[in-house]
1. Please verify whether Arg79 is within 17 Å of the chain's Cα centre (by Cα) and either surrounded by 10 or more Cβ atoms within 10 Å (Cβ to Cβ) or at pLDDT 95 or above (or both), treating the condition exactly as stated.
2. Look through Val35, Val40, Val26 and report the one residue that is β-branched (Val, Ile, Thr), in contact with a Ser or Thr (Cβ under 9 Å, 6 or more places away or on another chain) and under 25 Å from Pro87 (Cα atoms).
3. Checking the structure you have, find out if any residue of the stretch 49-57 is surrounded by fewer than 11 Cβ atoms within 10 Å (Cβ to Cβ) and of a type in the set (Ser, Thr, Tyr).
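The values are calculated or read from the model by the stated rules, or taken from the named source; none is laboratory data. Note that the structure is predicted; figures quoted are calculated from it, not measured. So basically every Cβ, Gly included, is an ideal-geometry build from the backbone, and we count neighbours across all protein chains shown.
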Amino acid sequence: MRQHMRMRNLDRRVQLLLDEPRHRKVSEEARRRHVSMAAVIREAIDRMPATADQRRAAIADILAAEPMPLPADPSDLRRELDDAHVPTR
């Protein structure tokens with residue numbers, strides 16, 4: 001029902017051409033999440049900062065963050081990131 005309510009507000013059609021790697025990436029994500037490719041693309045757009053001011057503020061926040069200690073070996077960092085990752089559904 002909620003998905004249907006959002007669909008009623010859609011009033012602009014866009015034709016989008018993708019190369020094979022991008023198409024595969026969006027298609028696999030849509031399949032993984034059990035949503036349409038259009039939903040994946042709309043959600044990616046929704047996650048983008050809306051204005052230049054928001055982008056600048058996000059960059060400033062990143063640059064102002066305290067430095068983090070990193071493992072010397074990149075494979076240790078990869079393992080740490082993989083362990084911390086929680087897949088979304």
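1. So Arg79 fails the test.
2. Sole residue among the options that is β-branched (Val, Ile, Thr), in contact with a Ser or Thr (Cβ under 9 Å, 6 or more places away or on another chain) and under 25 Å from Pro87 (Cα atoms): Val40.
3. yes
Quick grid of which residues meet (1) modelled with pLDDT of 90 or more; (2) not aliphatic (A, V, I, L, M); (3) not in a helix (DSSP H, G or I):
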residue: Gln3; (1), (2), (3): no, yes, no
residue: Leu16; (1), (2), (3): yes, no, yes
residue: Pro21; (1), (2), (3): yes, yes, no
residue: Glu29; (1), (2), (3): yes, yes, no
residue: Ile45; (1), (2), (3): yes, no, no
residue: Arg55; (1), (2), (3): no, yes, no
residue: Asp61; (1), (2), (3): yes, yes, no
residue: Val86; (1), (2), (3): no, no, yes
residue: Arg89; (1), (2), (3): no, yes, yes
